[in-house]
Amino acid sequence: MLTKDLLRVSRRGGGYRPQFVDEADRPLAARVVGTFQGHMGEVRADLEAALEELEAEPDTEFKLVRGFASLLDRETTWETRSPLPPERARRVAFECAEEVGVASEAERTEALAAAANRLAVEPDAVERSLYADRESRQVLSAFDPRWEPDALLTQYNLSLAQTALFDAVEVRVRSSDPKAVVSAVKRLRLMYEVRRVDAEAVSENGASPDDPPGTREVVVTGPDALFRRTRRYGTGFARLLRTVAKSDSWELRATVDDRGTERELVLSDGEVSVPGVEPVAEPTYDSGVERDFAARFSGLDLDWNLVREPDPLAVDGGARVMIPDFAFDYRHSDFRVYFEIMGFWTPEYVEKKLSQLAGVEDVELLVAVDDSLGVGEEVEARDHRAIPYTGSVRVKDVVDALRRYEEDLVADAAGDLPDALVPEADVVALDDLAADYGVSAEVVADKSFPEHERVGRTLVRPAVLDRLRGEIAPGQSLSEAEAVLEGYGVDDTSAALSWLDYRVEWEGLAGGTVRRKGADAGDCGGGEDADGVEDAGHGATES
């Protein structure tokens, strides 16, 4: 994508058409690439001066040169090169300047000489180090572009089209790969609907009489479209274009808010394509606090899924909307808790946020409040749960708050199930049974199972246990016993062997051997007790 100041569009005829490049622009693209290559080892200021000279040439559009340069600049590596660390050189030089009292060039030279003496270097080394870390003084140390001139043209057209979508409020896509489009829409957390394009709808939605029967159109908006038209999701639309443009054939129509005037943007596979390079996609966050929290929470194995910027919440009966920073979705039911992080901003921001919180109704909302704001009590007064933090949000505090919801959800789910459960399978893990009922394992763990024995975290019918007693014997290797258990679908080897009154005797690197509980190390078990009665296993009695 390009920055909006580099956008080149034509509005002739009331349209909104990007000014794409073609083969005729290849020489200019090659010259820009060559300009970067020719300034290896030179400072940024020299490169920018050379680009400005190129922009000033007759019949050369400066926005196009800057657009090419913007894409190529992402492929560069800049280094700070100086005899001394710039910060150290500045600190010592400024201290010496204060002692000298610099008011003239001669006094400046004297201050630099004093700094050089203190740093044990030549004055020239101090001067060259003073501002070496400024962007304009940094040195181009590496330039490895992903695009040759032809591919740069392709990438420019894609980036230009993406930038044109920044102000879109609705996008309509017809693609030979609609599944990929819908998948990308979901990944970008946009809203969509799939419409059938009929021949009679030509005048209504732009369908072509040549569209085959059953052609479908994916209509994409942002969640705010439920309440009002918004340009908030332009970046999402721009990212969507990259997926759309990978299809063999496609057409995209967008409604663009061009400074208050609605215009239609039309793109197709004949104009925009994707070079064979995948860009690095990075999630965006409003603050480091949000980024840090998301990283730490996502690393936990909880029954809650973290959603970034979920659906908007209606405020004041729908007159306004609020999009929380996150939402937590409970994995075992349709239950969502929203999460907002209030950092230290301006008083106006805080007042606006409090106003929003006051107008949000009928949702569960956690609010992490920076202690420095001093508004925790006001948040609580708005019937939301406040979580104070300083510097960073403690994940434990958020998890503790979610546990309170979880307790109620577990209790409700448990109340909806009968006290006794009878799974159809002979062997079933508690986790799998819980998934079948759409509840957590904690819920089913407290139930009774009249037709199964509970072996660790697995339910097993007695008939299966009887067969296992006949197939597992003292003296077997652990691997043999595991193979028998796996054949019946029992994964918890330790629990199963213990239930059958076996233990594992480890023999160093040779592996483990199955023994009767209580049997001596050298006793292979024999299969009978002292009275000649066969041991029936767990819970057996003599007869």
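Do we have any residue at all in region 102-113 that's among the polar types (S, T, N, Q), in contact (Cβ under 8 Å) with a residue 60 or more places away in the chain and exposed (fewer than 14 other Cβ atoms within 10 Å of the Cβ)?
The answer is no, given that none of the residues of region 102-113 is among the polar types (S, T, N, Q), in contact (Cβ under 8 Å) with a residue 60 or more places away in the chain and exposed (fewer than 14 other Cβ atoms within 10 Å of the Cβ).
Looking across region 145-198, just one residue is within 22 Å of Lys63 (Cβ to Cβ) and part of a strand (DSSP E or B), and that is Ala168.
Quick one: which residue in Val126, Val121 is crowded, with 18+ Cβ neighbours inside 10 Å and of a type outside the set (Ser, Thr, Tyr)?
Working: Val121 fails: crowded, with 18+ Cβ neighbours inside 10 Å.
From the options Val126, Val121, the qualifying one is Val126.
Based on this model, can you work out whether Ala180 counts as of a type outside the set (S, T, N, Q) and surrounded by 19 or more Cβ atoms within 10 Å (Cβ to Cβ)? Criteria not met by Ala180. Ser273 falls short of the stated requirement of being over 23 Å from the mean Cα position of the chain (by Cα), assigned by TED's automatic domain parsing to the domain that holds Arg189, modelled with pLDDT of 85 or more and among the small types (Gly, Ala, Ser). The criterion of at least 2 residues that are hydrophobic (A, V, I, L, M, F, W, C), modelled with pLDDT of 85 or more and touching a Leu at 6+ places or on another chain (Cβ under 7 Å) is met by the following strands (runs of 3 or more DSSP E) wholly inside region 284-355: 326-330, 336-342.
Within region 53-69, not a single residue is out of contact with any strand residue (DSSP E or B) (no Cβ under 9 Å at 6 or more places or on another chain), modelled with pLDDT under 90 and farther than 30 Å from Ala164 by Cβ.
Does Thr77 qualify as being β-branched (Val, Ile, Thr) and part of a loop (DSSP other than H, G, I, E, B)? So Thr77 does not fit the description; no. I'd like to check something: does region 227-239 contain any residue that is farther than 26 Å from Leu2 by Cβ, surrounded by fewer than 16 Cβ atoms within 10 Å (Cβ to Cβ) and at pLDDT below 85? Yes - at least one qualifying residue is present in region 227-239.
Could you tell me whether Phe62 is free of Cβ contacts under 8 Å to residues at least 60 places away in the same chain, more than 23 Å from Ser141 (Cβ to Cβ) and touching a helix residue (DSSP H, G or I) at 6+ places or on another chain (Cβ under 6 Å)? Spelling it out, Phe62 is indeed free of Cβ contacts under 8 Å to residues at least 60 places away in the same chain, more than 23 Å from Ser141 (Cβ to Cβ) and touching a helix residue (DSSP H, G or I) at 6+ places or on another chain (Cβ under 6 Å). For region 82-101, what are the residues that are surrounded by 15 or more Cβ atoms within 10 Å (Cβ to Cβ) and assigned to a loop (DSSP other than H, G, I, E, B)? Those that are surrounded by 15 or more Cβ atoms within 10 Å (Cβ to Cβ) and assigned to a loop (DSSP other than H, G, I, E, B): Ser82, Pro83, Leu84.
Scanning region 365-399 for residues that are touching a strand residue (DSSP E or B) at 6+ places or on another chain (Cβ under 9 Å), at pLDDT 70 or above and part of a helix (DSSP H, G or I) yields Asp371, Asp397, Val398, Val399.
For Leu2, are the conditions met, namely being within 18 Å of Ser70 (Cα to Cα) and part of a loop (DSSP other than H, G, I, E, B)? Before the answer, list the steps.
Working: within 18 Å of Ser70 (Cα to Cα): yes; part of a loop (DSSP other than H, G, I, E, B): yes.
Spelling it out, Leu2 is indeed within 18 Å of Ser70 (Cα to Cα) and part of a loop (DSSP other than H, G, I, E, B).
Screening region 1-41 for residues that are loosely packed, with under 13 Cβ neighbours inside 10 Å and touching a strand residue (DSSP E or B) at 6+ places or on another chain (Cβ under 9 Å) and picking the one that is farthest from Gln138 (Cα to Cα) gives Gly14.
For the structure I just gave you, tell me whether Asp362 is under 21 Å from the mean Cα position of the chain (by Cα) and either crowded, with 19+ Cβ neighbours inside 10 Å or at pLDDT below 85 (or both). Step through it out loud before you land on a result.
Values: under 21 Å from the mean Cα position of the chain (by Cα): no; either crowded, with 19+ Cβ neighbours inside 10 Å or at pLDDT below 85 (or both): yes.
For Asp362, the condition - under 21 Å from the mean Cα position of the chain (by Cα) and either crowded, with 19+ Cβ neighbours inside 10 Å or at pLDDT below 85 (or both) - is not met.
Within region 400-432, take every residue that is in a helix (DSSP H, G or I), at pLDDT 80 or above and among the aliphatic types (A, V, I, L, M) and give me the one that is nearest to Pro450 (Cα to Cα). Restricting to residues being in a helix (DSSP H, G or I), at pLDDT 80 or above and among the aliphatic types (A, V, I, L, M), the top hit is Leu430.
Flag not set for Glu200, criterion: modelled with pLDDT of 65 or more and not basic (Lys, Arg). Taking region 1-59 as the search range and keeping residues that are free of Cβ contacts under 8 Å to residues at least 40 places away in the same chain and among the basic types (Lys, Arg), which one is nearest to Leu72 (Cα to Cα)? For region 1-59, the residue satisfying everything is Arg31. Remark: pairs (first residue in region 158-178, not assigned by TED's automatic domain parsing to the domain that holds Asp258; second residue of a type in the set (Gly, Ala, Ser) and part of a strand (DSSP E or B); Cβ separation under 8 Å; 6+ apart in sequence or on different chains) are absent.
The single condition among (1) at pLDDT 90 or above; (2) at positive phi that Gly14 does not meet is (1).
The values are calculated or read from the model by the stated rules, or taken from the named source; none is laboratory data. Worth saying up front: this structure is predicted, and the values here are computed from it rather than measured. Using ideal geometry, Cβ is built from the backbone for each residue, glycine included, and neighbour counts are taken over all protein chains shown.
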